[in-house]
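Visitor: After the structure tokens below, expect a handful of questions from me.
Read the figures in this text as sums done on the coordinates, not as results from a lab. Since the model is a prediction, treat every value here as computed from it, not as a measurement. FYI the Cβ positions are ideal-geometry reconstructions off the backbone, even for glycines, and counts take in every protein chain you see.
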């Protein structure tokens with residue numbers, strides 16, 4: 001659920017951006033994804049464990065409606081409410097053990113890749129700024 005909200009918020013932000021900002025966002029998508037993963041890995045190392053999201057389906061009592069047959073005069077009566085069991089998906093988190101040594105290696109690898117991506121992104125960002133001056 002949280003991911004849906006984040007994606008919707010990013011969609012709204014990108015829809016409101018200037019052409020230059022949209023161009024830069026488009027050209028740096030991989031860099032921003034890697035930044036998010038680096039931050040998550042740094043958090044894992046600081047805590048000493050990862051946090052895993054999982055979805056659990058829970059049932060609850062809700063209100064359902066029984067549609068009534070159309071009367072002879074053609075009038076459809078209002079639906080009749082009744083209690084029924086329904087399902088709802090809930091996203092929860094839980095701690096997960098990690099190999100700290102492997103996590104440090106992963107972080108170092110991602111930081112090296114980030115430097116490479118940042119260097120490669122410089123030219124497209126400059127092209128965006130030239131194509132869409134503010």
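Visitor: Hey, fewest Cβ within 10 Å first, where do 114, 32, 85 land in order?
Guide: Working: 114 16, 32 12, 85 9.
Final ranking by Cβ density, sparse to dense: 85, 32, 114.
Visitor: Divide by every residue of the chain the summed helix terms, -39500 (n - 2.57) for each DSSP H run of at least 4, and state the resulting mean residue ellipticity at 222 nm, rounded to the nearest 500 deg cm²/dmol. Working shown, then result.
Guide: Details: 4 runs with 75 residues, N = 134.
Estimated from H runs of four or more residues: -19000 deg cm²/dmol.
Visitor: Given an 8 Å cut-off on Cα distances and at least 6 residues of separation, report the relative contact order of the chain as a percent. All intermediate terms of the calculation are to be shown ahead of the outcome.
Guide: Numbers: 128 pairs, mean separation 43.4, N = 134.
Taking the mean separation of contacting Cα pairs over the length of the chain, I get 32 percent.
Visitor: Using alpha-carbon pairs under 8 Å, 6+ residues apart, how would you state the relative contact order of segment 53-95 in percent? Each step should come with its number before you reach the end.
Guide: Values: 69 pairs, mean separation 23.7, N = 43.
Contact order relative to length: 55 percent.
Visitor: In a Debye calculation with equal point scatterers on the alpha-carbon sites of the chain and no solvent, what is log10 I(q)/I(0) at q = 0.12, 0.22 Å⁻¹?
Guide: Calculated log10 I(q)/I(0) at the listed q: -0.75, -1.24.
Visitor: Put a dot 7 Å past each Cα toward the Cβ at residue 70 and residue 54; how far apart are the dots in nm?
Guide: With each label point 7 Å from Cα toward Cβ, the separation is 5.0 nm.
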